Amino acid sequence: MELLTIGAFARASRLSPKALRLYDELELLRPARVDPGTGYRYYAVGQLGQARLVARLRRLGMPLAEIRAVCALDPAGAAREIRAYWARVEAETAVRRDLAAFLVDQLTDTSRRDPTTMLELRHCAHSDRGLVRPANQDTVYAGRRLLAVADGFGPAGAPASSAAVAALRFLDEAGEPPADGVLSALEDAVRSAGEAVCEVAEGAAEVGTTLTALLWTGTRLALAHIGDSRAYLLRDGELIRMTRDHRVEPRSLLLLKALAGGMDPVPDVRLQEAREGDRYLLCSDGLTEVVPEERIRELLAAEDAVHVLIGEANAAGGPDNVSCVVADVVEAAA
């Protein structure tokens, strides 16, 4: 077996000798041989593949504990874990990007909305069992200020989604929060919703719900999102997706985040400036799994968009419960 000194192995693997000594101590990358007299480390040429993988994962920013888990998997399993990790990074980056854009807008006062025009929401909501599922585990809500869609899962999915939405309904009746406090208020409400879901689940890890909600402030819409239900904005004929699915993989049914026992209850949040003529859609994945986004864009322009979209999902087989809330930003009545 050909052995390389730690210096030669470091140059070949693009890891420093210091990093190699740390990875040895962490049992992440053990040397092939350690001289019993000098303690000098030697590495096999065959270890270069794993060393280069570790180096690249570190450049991605992956924590050492996750790298250890990835290195213990077969290539297919390692690829799945890397995809899942990067999906989380992209989702977290998107949240920070949206927050940064909001702060810049707030600090520079770049709003293009006419401050003399008062706006309000006009909405329609409906939930349908679909054509396959024996029961409807979705819950929808549309009030004066709050819009929400929750998609429950597990044997108590319906009570879970209902409990989550119920925990947010006080926001519809509360006074308008200050612009710099609306996201915090919405995050706190989602955490309360998570506690309500855990009570319903009674410790069952397989019971939970997604939750996607919009809260109207009078000038902006605050979004909170966890799971794989979605929010869209139709503006000037363009469909803009406002949320990212918290899935292990794009087509996977496994969720990285949801309101369920043992899962991260912290939602993605953002603020969206409202313009007259905007149309918003909240929907469960019973719609998006069978109706392509381009078709959603076309149908969302319809007058009775909620029922048209649900009808399209059922025409495509209706394999899941499907729920939609559509809200228009319009000039307030005098």
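I need the full set of residues from segment 120-165 which are among the β-branched types (Val, Ile, Thr) and under 17 Å from Ala224 (Cβ atoms), in order please. Talk me through it step by step, then tell me what you get.
Taking segment 120-165 as the starting set, the residues that turn out to be among the β-branched types (Val, Ile, Thr) are 132, 139-140, 149, 165.
Within segment 120-165, Thr139, Val140, Val149, Val165 meet the criteria.
For segment 64-80, give me each residue that is open to solvent by less than 60 Å² (accessible area, probe 1.4 Å) and under 18 Å from Leu20 (Cα atoms).
Leu64, Ile67, Ala69, Val70, Cys71
Scan segment 42-53 and tell me whether some residue there is touching a Cys at 6+ places or on another chain (Cβ under 9 Å), open to solvent by less than 70 Å² (accessible area, probe 1.4 Å) and outside any helix (DSSP H, G or I).
no
Would you say Arg295 is surrounded by fewer than 22 Cβ atoms within 10 Å (Cβ to Cβ), modelled with pLDDT of 95 or more, of a type in the set (Lys, Arg) and not in a strand (DSSP E or B)? Talk me through it step by step, then tell me what you get.
Numbers: surrounded by fewer than 22 Cβ atoms within 10 Å (Cβ to Cβ): yes; modelled with pLDDT of 95 or more: yes; of a type in the set (Lys, Arg): yes; not in a strand (DSSP E or B): yes.
When the stated conditions are applied, Arg295 passes them.
Arg83: modelled with pLDDT of 90 or more, surrounded by 13 or more Cβ atoms within 10 Å (Cβ to Cβ), of a type outside the set (Asp, Glu) and out of contact with any helix residue (DSSP H, G or I) (no Cβ under 9 Å at 6 or more places or on another chain), yes or no?
Details: modelled with pLDDT of 90 or more: yes; surrounded by 13 or more Cβ atoms within 10 Å (Cβ to Cβ): yes; of a type outside the set (Asp, Glu): yes; out of contact with any helix residue (DSSP H, G or I) (no Cβ under 9 Å at 6 or more places or on another chain): yes.
So Arg83 passes the test.
Go through segment 313-330 and report how many residues are under 19 Å from Thr139 (Cβ atoms) and assigned to a strand (DSSP E or B).
6
Table: residues versus (1) over 20 Å from Cys283 (Cβ atoms); (2) open to solvent by 40 Å² or more (accessible area, probe 1.4 Å); (3) at pLDDT below 95.
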| residue | (1), (2), (3) |
| --- | --- |
| Thr110 | yes, yes, yes |
| Pro115 | yes, yes, yes |
| His123 | no, yes, no |
| Arg129 | no, yes, no |
| Ala135 | no, yes, no |
| Leu147 | no, no, no |
| Asp151 | no, no, no |
| Ala160 | no, no, no |
| Ala167 | yes, no, no |
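Can you tell me which residue in segment 263-283 is surrounded by the fewest Cβ atoms within 10 Å (Cβ to Cβ), limited to those that are assigned to a loop (DSSP other than H, G, I, E, B) and free of Cβ contacts under 8 Å to residues at least 60 places away in the same chain? Before the answer, list the steps.
Going residue by residue through segment 263-283, those that are assigned to a loop (DSSP other than H, G, I, E, B) are 263-267, 274-278.
From the residues that got through so far, the ones that are free of Cβ contacts under 8 Å to residues at least 60 places away in the same chain too are 263-264, 277-278.
Working: Met263: 18, Asp264: 14, Gly277: 12, Asp278: 20.
Result: Gly277.
For segment 200-243, enumerate the residues that are within 11 Å of Leu281 (Cα to Cα), part of a strand (DSSP E or B) and open to solvent by less than 40 Å² (accessible area, probe 1.4 Å).
Thr212, Ala213, Leu214, Arg230, Ala231, Tyr232, Leu233, Leu234, Leu239
Does Gly286 qualify as being within 23 Å of the chain's Cα centre (by Cα) and open to solvent by less than 10 Å² (accessible area, probe 1.4 Å)?
Values: within 23 Å of the chain's Cα centre (by Cα): yes; open to solvent by less than 10 Å² (accessible area, probe 1.4 Å): yes.
Judged against the criteria, Gly286 is a match.
Filter segment 289-308 down to residues that are under 23 Å from the mean Cα position of the chain (by Cα) and within 30 Å of Gly218 (Cβ to Cβ), then give me how many there are. Before you say what the answer is, go through the steps one by one.
Going residue by residue through segment 289-308, those that are under 23 Å from the mean Cα position of the chain (by Cα) are 289-297, 300.
If we keep only those that are within 30 Å of Gly218 (Cβ to Cβ) too, we end up with 293, 296-297, 300.
So the count comes out to 4.
Does segment 275-295 hold any residues that are over 20 Å from Tyr141 (Cα atoms) and not β-branched (Val, Ile, Thr), and which are they?
If we filter segment 275-295 for residues that are over 20 Å from Tyr141 (Cα atoms), which is where we start, we get 275-277, 289-295.
Hits for segment 275-295 are Arg275, Glu276, Gly277, Glu289, Pro292, Glu293, Glu294, Arg295.
Search segment 22-41 for residues being surrounded by 14 or more Cβ atoms within 10 Å (Cβ to Cβ) and in a helix (DSSP H, G or I), and hand back the single one that is farthest from the chain's Cα centre (by Cα).
My answer is Asp24.
The values are calculated or read from the model by the stated rules, or taken from the named source; none is laboratory data. Keep in mind the model is a prediction, meaning the values are calculated, not measured. All Cβ positions, glycine included, derive from the backbone under ideal geometry; neighbour counts span all protein chains shown. To get the accessible areas, we keep the full protein, side chains included, count just its heavy atoms, and leave off ligands, DNA and RNA. Shrake-Rupley method; radii C 1.70, N 1.55, O 1.52, S 1.80 Å.
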